[in-house]
Ligand code: PLP
């Protein structure tokens, strides 16, 4: 049996872990979740001894690849010097200063551990800042699994994009969110019209990485900025995927629009759990005026040591140019492979995030993303595994700083062979 050791481990894991996984989305991996022994650079090795070029990268954080020597060194040294004092240390403010220097318009930082947490504290801050409760959230965007935020990411049980996403979620959560289509500025303007709108904030990924890696329509983010300024609404960019990835200064730098708050996680610490809310002092200082932000592990030295090493590597000249080049090569190669085999599908990228949207001529909206042929793509991911390529189920491929041209060439060849295997 292929992946027999992984299959056995998966069966055993199901006995002690609900669904055999530690994050529900991982259960979507085909043919079943794999179990890994180690990673190095762009490569992963599973418990069956198979080697893969890794485009999952821990679902995004490993922007320096697996076990980058600079990150290993920084974390090891910190571990030997103490894993956590639960008190102040210099990296807390040094890294905060670097985040503020990187992202235009940011004055202060609150550290936490996961993107979901940081999005939740951002929501608390905007409610405190405005005295309002409701917020605008866009279809297909993901801001973590909290009761308040887990709305409109994928169709709810009733098929709508406005209903509850999880069993057990607070039933009144949808009442607090105004769910709108993304890139539709008139819809946002309409929601904010009238003197007594009750909207505290707009939350948006600056590029919609979670549902098709879609760039914002020209003028959309600037339009949100103007509407927020005109109506006293806080603009929040969820840069959990885009931050330090699609530019050093994330979507804020790439698209030239500054939010009031930016939520960061994933790439910032290269794979250790670290998240942050960065923002303008007027909002951030509410954390000293009655807004509770707490956490045993907040600002933990191990994660901040990893962030220190990661940001140092990402700040080297040429990193983001290399991302564009590598992602361009991969995109072109995948497009050609699809065309050579007469398979309809779109491939594009924003920075080092490549998206393959199968079965549609253009992956240009949340609607096309949702109508894509994900059954076929699931079969393709298995053929890719057989050929040593490890990818996510939703068509998103992450590149790291250590994926080189040879990795991409090997991947393009494997992709062509995998496509051929699914259509023969
Ligand atoms: N926001 C965005 C844009 C994300 O993509 C994610 C996770 O993928 C989150 C928030 C939640 O982050 P975490 O999984 O660290 O809680």
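Relative to the longest principal axis of the Cα atoms of the chain, helix 319-340 runs at roughly 50 degrees.
Put simply, when 233-239, 210-216, 3-9, 82-88 are sorted by average Cβ atoms within 10 angstrom per residue, most first, you get 233-239, 210-216, 3-9, 82-88. Each DSSP beta bridge with both residues in the chain is either parallel or antiparallel, and the antiparallel ones are about 60%.
A simple spin-label model places the labels of residue 405 and residue 94 3.6 nm from each other, with each point 7 Å out along Cα-to-Cβ. Helix 90-102 and the longest principal axis of the C-alpha atoms of the chain enclose an angle of approximately 90°. Grab the beta carbon distance between residue 222 and residue 187, set R0 = 25 Å, and tell me the FRET efficiency rounded to 0.05. Efficiency, from the Cβ-Cβ distance: 0.95.
Can you pull the semi-axes for the stretch 69-314, root of five times each eigenvalue of the Cα gyration tensor, sorted largest first, whole Å? Walk me through the numbers on the way to the answer.
Working: eigenvalues 184, 68, 63 Å².
Semi-axes (√(5λ), whole Å): 30, 18, 18.
Tell me, rounded to the nearest percent, the portion of alpha carbon pairs in the chain spaced more than 33 Å apart. Could the numbers behind the result be given before it?
Numbers: 29877 of 89676 pairs.
Cα-Cα pairs of the chain separated by over 33 Å account for 33 percent.
Could you work out how much longer the chain between residue 373 and residue 77 gets when fully extended? Use 0.36 nm per residue separation minus the Cα distance between them, nm to one decimal.
Values: separation 296, 0.36 × 296 = 106.56 nm, distance 4.69 nm.
Full extension from residue 373 to residue 77 adds 101.9 nm.
Report the relative contact order of the stretch 69-314, percent, no decimals, based on alpha-carbon pairs under 8 angstrom and at least 6 residues apart. Please report the intermediate quantities before stating the final value.
Values: 475 pairs, mean separation 73.1, N = 246.
Worked out over the stretch 69-314, it gives 30 percent.
Packing-based ranking of 257-264, 305-312, 178-185 yields 257-264, 305-312, 178-185, ordered from highest to lowest mean Cβ neighbour count within 10 Å. For the stretch 211-296, the share of alpha carbon pairs falling in successive 5 Å distance bins from zero is 3, 13, 20, 23, 19, 13, 7, 2, 0 percent. Gain on full extension, evaluated as 0.36 nm per residue between residue 339 and residue 101 minus their Cα-Cα distance, stands at 81.3 nm.
For the chain, relative contact order (Cα pairs under 8 Å, six or more residues apart, normalised by length) works out to 20 percent. With just the Cα atoms defining each centre, how far is the stretch 253-316 from the stretch 321-399? Give it in Å. Result: 30 Å between the Cα centres. Counting neighbouring beta carbons within 10 Å and listing from fewest to most, the residues 108, 336 come out as 336, 108.
The angle between the Cα long axis of helix 301-314 and the longest principal axis of the Cα atoms of the chain comes to about 70 degrees, rounded to the nearest 10. For the pair the stretch 1-44 and the stretch 163-240, the centres of their Cα atoms are 35 angstrom apart.
How far, in nm, would the chain grow between residue 2 and residue 26 when pulled straight, counting 0.36 nm per residue and subtracting the alpha carbon separation? Spell out each step's value before the answer.
Numbers: separation 24, 0.36 × 24 = 8.64 nm, distance 1.91 nm.
Computed gain between residue 2 and residue 26 is 6.7 nm.
From the helices alone, meaning DSSP H stretches of at least four residues, give me the mean residue ellipticity at 222 nm for the chain, per-run term -39500 (n - 2.57), in deg cm²/dmol to the nearest 500. Display every interim value, and only then the final one.
Working: 14 runs with 161 residues, N = 424.
Value at 222 nm, helices only: -11500 deg cm²/dmol.
Where in the stretch 129-166 is the amide nitrogen less than 13 Å from a point lying 7 Å along the Cα-to-Cβ axis of residue 197? Correct set: 134-137. A simple spin-label model places the labels of residue 11 and residue 157 3.2 nm from each other, with each point 7 Å out along Cα-to-Cβ.
Bear in mind that the values in this text are calculations on the coordinates, not laboratory data. Nothing here was measured: the structure is a model prediction, and the numbers come from that model. Neighbour counts are summed over all protein chains in view; Cβ atoms, including those assigned to glycine, are modelled from backbone coordinates with ideal geometry.
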